[in-house]
Amino acid sequence: MIRFSQVHKRYANGFEALKGITFHIEPGELIMLTGHSGAGKSTLLKLVLLVERATRGQVIVNEQNLVKLPARRTPQHRRQVGVVFQDHKLLYDRTVFDNIALPLVVAGVGHREIARRVRAALDKVSLLGKESLFPIMLSGGEQQRVGIARAIANRPPILLADEPTGNLDPQLADEIMDLFVALNRHNTTVVVATHDLRHIERTGARLLELQSGRLVHDQAALS
Amino acid sequence: MKAYFLRHAQMLLFALGQLVRQPAASLMTLSVNAIALALPAGLFLLMENTTRASAAWEARPQISVYLKSTVSENELTGLSDRLLSRADIDEVIYVSAESGLAEFRDLSGFGAALDLLDENPLPAVLTVYPARDATAPEQMSALATEFENLPNVEQVQIDLQWLQRLRSLIQLAQRGLWVVVAFLATGLVLIISNTIRLAILSREDEITIIDLIGGTPAFIRRPFLYSGWLQGLLGGILAWIFLALAYLLLRGPLIRLLELYQSDLHINGPGWRYGFILMVVGASLGWLASRITTERYLRQLSPDAEHSIARKKF
């Protein structure tokens with residue numbers, strides 16, 4: 001599903017964020033991506049989402065070589081990849097419903113279908129009945145679940161999460177992490193960037209560890 | 001397809017809603033737009049009326065041949081026939097001294113002063129209209145020199161110069177008008193660009209998110225294009241209202257002035273045609289302005305951009 005081979009990423013300021021990364025993620029896998037801040041976790045996710053392009057090497061996502069994908073095809077690619085952010089990135093002047101509907105509106109989904117899929121996504125994150133509230137009226141954990149609902153509303157085959165539990169207390173963090181595990185069981189390839197080692201033990205997921213831009217550890221899932 | 005139109009209608013309503021939410025600020029921006037549109041439109045209106053008026057004055061090029069007072073009826077007919085028989089002369093009109101005086105009395109308003117004179121001070125005149133292909137300034141002056149050497153001719157005058165001057169003056173004014181139009185159109189584009197730029201900055205978070213979840217540049221651009229288009233259109237309508245107000249204020253005094261000159265010219269106001277053109281031009285410039293601004297901004301969202309906005313937000 002996601003294949004990196006000899007991927008280098010050097011930023012315009014000369015900083016080398018990734019150095020010779022090679023790995024392969026199968027469809028339906030759950031991945032924990034760890035490493036200290038600055039190790040290159042975010043850069044790796046950005047390459048998968050095509051926010052950045054690799055300087056060298058091949059990035060193949062969903063059978064598409066992103067190195068060669070023209071910029072105008074970026075939106076179509078991103079619709080295949082749901083993203084959850086550490087700071088949720090919700091629109092605070094819009095209701096929960098409108099926030100979750102955004103990727104569907106963007107993709108040109110019809111009105112009735114939008115309502116159906118938003119409710120399905122809300123159901124998955126256990127927030128049914130809160131669609132007409134504004135994000136500010138929700139707790140941090142609930143806001144993050146709205147962020148997850150938005151990421152899965154369009155049913156993307158790949159789900160990325162960048163430190164999704166960074167701002168939550170341990171109990172809420174566990175709930176969110178369980179949610180990712182549950183989504184993974186529904187055949188979604190899930191990559192979670194986190195520096196919280198607890199999650200790796202709890203979920204028993206495959207581990208990819210980055211250190212200063214190099215892949216230093218690729219530990220198979222405990223099954 | 002229905003969903004597509006529905007979405008566009010929503011965008012239009014959204015853009016309108018944004019304007020209505022800040023009525024004072026919107027009215028000020030729209031007024032600036034309107035003034036930038038109304039000024040050149042007003043000048044066009046002025047130009048149109050002046051050109052029409054000058055066309056009414058504009059006779060065929062003519063040469064006035066003033067005859068000596070001693071000329072006899074026979075000599076006159078002979079001269080007139082001789083001129084008429086030439087290929088480079090179209091028409092010769094004889095104005096006798098008496099009818100010349102009557103006309104002068106009518107038009108000049110010096111009737112009472114003329115009554116004091118013992119005899120008619122005006123000479124008889126032959127007004128000569130050269131053929132169409134003989135109206136070039138050199139040909140006209142050659143004819144004039146020829147006429148001056150004829151017997152019984154006192155003086156020859158070409159009534160051409162002032163017309164040429166008027167014509168080149170109008171041409172200059174027209175050229176100047178286009179320069180003003182170019183400046184003000186650029187100004188309008190810059191004004192709308194700036195409001196669009198501020199709107200983009202205030203919604204940067206939203207744009208970033210839409211970009212990250214797969215919104216196309218067209219989707220991101222659409223509300224801003226509607227906003228720019230709408231600002232231009234409303235500016236155009238307001239410009240028309242301004243122009244109509246200015247016209248209504250000036251029309252009365254202008255008509256009185258024309259009456260004093262005994263002119264039966266009537267003035268053209270800013271009619272529907274002006275309204276239509278102002279709206280079309282305003283909307284087009286507004287659309288263009290926001291197209292340019294959004295294009296510049298959206299380029300930064302590309303994964304190949306040097307400084308991506310999305311990358312610093314994620």
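The values are calculated or read from the model by the stated rules, or taken from the named source; none is laboratory data. All of these numbers come straight from a predicted model, not from anything done at the bench. All Cβ positions, even for glycine, are placed from backbone atoms using ideal geometry, and neighbour counts span all protein chains on display. Each accessible area value is taken on the protein alone, full model and side chains, heavy atoms only, with ligands, DNA and RNA left out. Shrake-Rupley method; radii C 1.70, N 1.55, O 1.52, S 1.80 Å.
Annotations for the structure displayed:
This table checks each residue for (1) touching a strand residue (DSSP E or B) at 6+ places or on another chain (Cβ under 9 Å); (2) within 18 Å of residue A:157 (Cα to Cα); (3) at pLDDT 95 or above.
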| position | (1), (2), (3) |
| --- | --- |
| A:3 | yes, yes, yes |
| A:10 | yes, no, no |
| A:16 | yes, no, no |
| A:38 | yes, no, no |
| A:42 | yes, no, no |
| A:46 | yes, yes, no |
| A:54 | yes, no, no |
| A:67 | yes, no, no |
| A:73 | yes, yes, no |
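- Within the set B:75, B:48, the sole residue that is under 30 Å from residue B:157 (Cα atoms) and part of a helix (DSSP H, G or I) turns out to be B:75.
Here's the yes/no breakdown for (1) closer than 30 Å to residue B:71 by Cβ; (2) surrounded by 14 or more Cβ atoms within 10 Å (Cβ to Cβ):
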residue	(1), (2)
B:138	yes, no
B:143	yes, yes
B:151	yes, no
B:154	yes, yes
B:168	no, no
B:175	no, no
B:182	no, no
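- Each residue in region A:99-118 was checked for being closer than 24 Å to residue A:163 by Cα and either out of contact with any helix residue (DSSP H, G or I) (no Cβ under 8 Å at 6 or more places or on another chain) or of a type in the set (Ser, Thr, Tyr) (or both), and 0 of them qualify.
- Condition met for residue A:127 (among the hydrophobic types (A, V, I, L, M, F, W, C), touching a helix residue (DSSP H, G or I) at 6+ places or on another chain (Cβ under 7 Å) and outside any loop (DSSP other than H, G, I, E, B)): no
- Qualifying residue in region A:18-35 (condition: within 14 Å of another protein chain (Cβ to nearest Cβ), open to solvent by 10 Å² or more (accessible area, probe 1.4 Å), over 13 Å from residue A:215 (Cβ atoms) and touching a residue at least 40 places away in the same chain (Cβ under 8 Å)): no
- Candidates in region A:38-48 are the residues that are touching an Asp or Glu at 6+ places or on another chain (Cβ under 9 Å) and open to solvent by 10 Å² or more (accessible area, probe 1.4 Å); of these, the one that is farthest from the other protein chains (Cβ to nearest Cβ) is A:41.
- Lone qualifier among B:237, B:209, B:309 - being at pLDDT 95 or above and either over 19 Å from residue B:16 (Cα atoms) or away from chain A (no Cβ under 14 Å) (or both): B:237
- Cβ pairs under 8 Å, 6+ apart, first in region A:98-121 and within 11 Å of chain B (Cβ to nearest Cβ), second polar (S, T, N, Q) and buried (at least 17 other Cβ atoms within 10 Å of the Cβ): A:103/A:154; A:104/A:154; A:106/B:216; A:107/A:154; A:109/A:154
- Candidates A:133, A:90, filtered to the one that is surrounded by 15 or more Cβ atoms within 10 Å (Cβ to Cβ), of a type outside the set (Val, Ile, Thr) and within 12 Å of chain B (Cβ to nearest Cβ): A:90
- Which listed residue is closer than 30 Å to residue B:32 by Cα and without any contact (Cβ under 8 Å) to a residue 12 or more places away in the chain, from B:165, B:221, B:203: B:203
- Of all the residues in region A:108-122, those that are assigned to a helix (DSSP H, G or I) and open to solvent by 20 Å² or more (accessible area, probe 1.4 Å) number 8.
- Residues of region A:136-146 classified as in a loop (DSSP other than H, G, I, E, B) and either under 21 Å from residue A:28 (Cα atoms) or open to solvent by 50 Å² or more (accessible area, probe 1.4 Å) (or both), total: 1
- Here residue A:149 meets the list (1) in a loop (DSSP other than H, G, I, E, B); (2) open to solvent by less than 40 Å² (accessible area, probe 1.4 Å) almost entirely, failing just condition (1).
- Unique match (being open to solvent by 10 Å² or more (accessible area, probe 1.4 Å) and within 14 Å of chain B (Cβ to nearest Cβ)) among A:163, A:209: A:163
- Where a residue in region B:1-25 is within 12 Å of another protein chain (Cβ to nearest Cβ) and its partner, wherever it lies, is open to solvent by 70 Å² or more (accessible area, probe 1.4 Å), with Cβ under 9 Å and at least six apart: B:3/A:111; B:6/A:111
- Of everything in region B:213-233 that is aliphatic (A, V, I, L, M) and within 14 Å of chain A (Cβ to nearest Cβ), the residue that is most open to solvent (accessible area, probe 1.4 Å) is B:218.
- Residues in region A:49-61 that are more than 13 Å from every other protein chain (Cβ to nearest Cβ) and either among the polar types (S, T, N, Q) or assigned to a loop (DSSP other than H, G, I, E, B) (or both): 1 in all.
- Filter pass, residue B:36 being surrounded by fewer than 14 Cβ atoms within 10 Å (Cβ to Cβ), more than 14 Å from chain A (Cβ to nearest Cβ) and at pLDDT 85 or above: no
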